[in-house]
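A short write-up of the structure that comes next.
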Amino acid sequence: MHVKIIFRGQILILSLLLLSHYFAAFGQDTILNKYGLWVINDIKTLRATIIKDPGKQMIDLQKFIPAIYIDLKYAGPNNFMHKKLYKNATATFLRMPAASALQQVQIELSASGLALKVFDAYRPYAVTLEMWEPIKDDRYVADPKIGSGHNRGIAVDITLIDLHTKKELDMGTGFDNFSDTAHQTFTALPAQIIKNRKLLKSVMEKHGFKALDSEWWHYSLPNAKDFELLNVSFKSLEKMKH
């Protein structure tokens, strides 16, 4: 009995030591929030994670993939919240593995006269908290108890455009359509729309992304837990030197 108690005590001490090393490495701004999640709030802490794992670098998509089009819906009022949620966003970001995979998607599409248009990529965790309140439906908005792939920098909201006309391909609904019609499995649509959705899904999945069933536009890498939740401002990311 005494041996077991001592052994458990040693485990507790070891756990506390590991936690202290975690805080020492990543700073006080990596906080445990009310949902018990670790969230990185400052650029210094983010840099510390990137030093340990360069794959966690945040990449400016427009600079990394010049052929893509950017139309950040949450940087203006044209979204389901009907207000500007990204106060100082002039660029959008993904982690290196997601950005590299998206680059390969664009290369493949360019050969067919198509391009990607990005509606959203990285999203600060504070915005997810704000979005959750009016909807509270995790089919369409990430539950802050879990966090979003957008918060981790590995999810992207996207569509296809014709390079000749610069027009979006018809996907049957607009972005942020919270109805069954936007679901990946919804088939009561004209054949061309089904074809367009299948094209987007097939090329994204070919390069490692996974589709969200309830939104034809949402794709993410499957290894979300490998990346920390971020609440770093766009302004800080834009100033960050790689």
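A Stokes-Einstein calculation at 25 °C with viscosity 0.890 mPa s, built on the Kirkwood radius of segment 59-114 over Cα pairs, returns a diffusion coefficient of 196 µm²/s. The overall shape of segment 21-162, judged from the alpha-carbon gyration tensor, is oblate: a/c is not under 1.5, and a/b is no greater than b/c. When the Cα gyration tensor is reduced to axis lengths a ≥ b ≥ c, the ratio a/c is 1.5 or higher for segment 89-190, and with a/b not above b/c it is classed as oblate.
Ranked by the mean number of other Cβ atoms within 10 Å of their residues, highest first, the peptides 115-121, 172-178 fall in the order 115-121, 172-178. Sorting the segments 81-89, 147-155 by their mean number of nearby beta carbons within 10 angstrom, highest to lowest, gives 147-155, 81-89. For segment 83-150 and segment 195-216, what is the centre-to-centre distance using only Cα atoms, to the nearest Å? Each part reduced to its Cα centre gives a spacing of 15 Å.
Each residue, Leu163 and Lys239, gets one label point 7 Å from its Cα in the Cβ direction; the gap between the two is 3.7 nm. In terms of distances greater than 25 angstrom between alpha carbons, the cross-link table entries Lys83/Lys225; Lys206/Lys239; Lys83/Lys136; Lys44/Lys235; Lys56/Lys239 yield Lys83/Lys225; Lys206/Lys239.
Each of Glu108 and Gln192 was given a label point 7 Å from its Cα along the Cα-to-Cβ line. The distance between the two points is 2.4 nm.
Any read-out appearing in this document is the output of simple, stated calculations on the displayed coordinates, not a laboratory observation. Since we're looking at a predicted model, the values are computed, not measured. Glycine also receives a Cβ, built like all others from the backbone with ideal geometry; neighbour counts cover every protein chain displayed.
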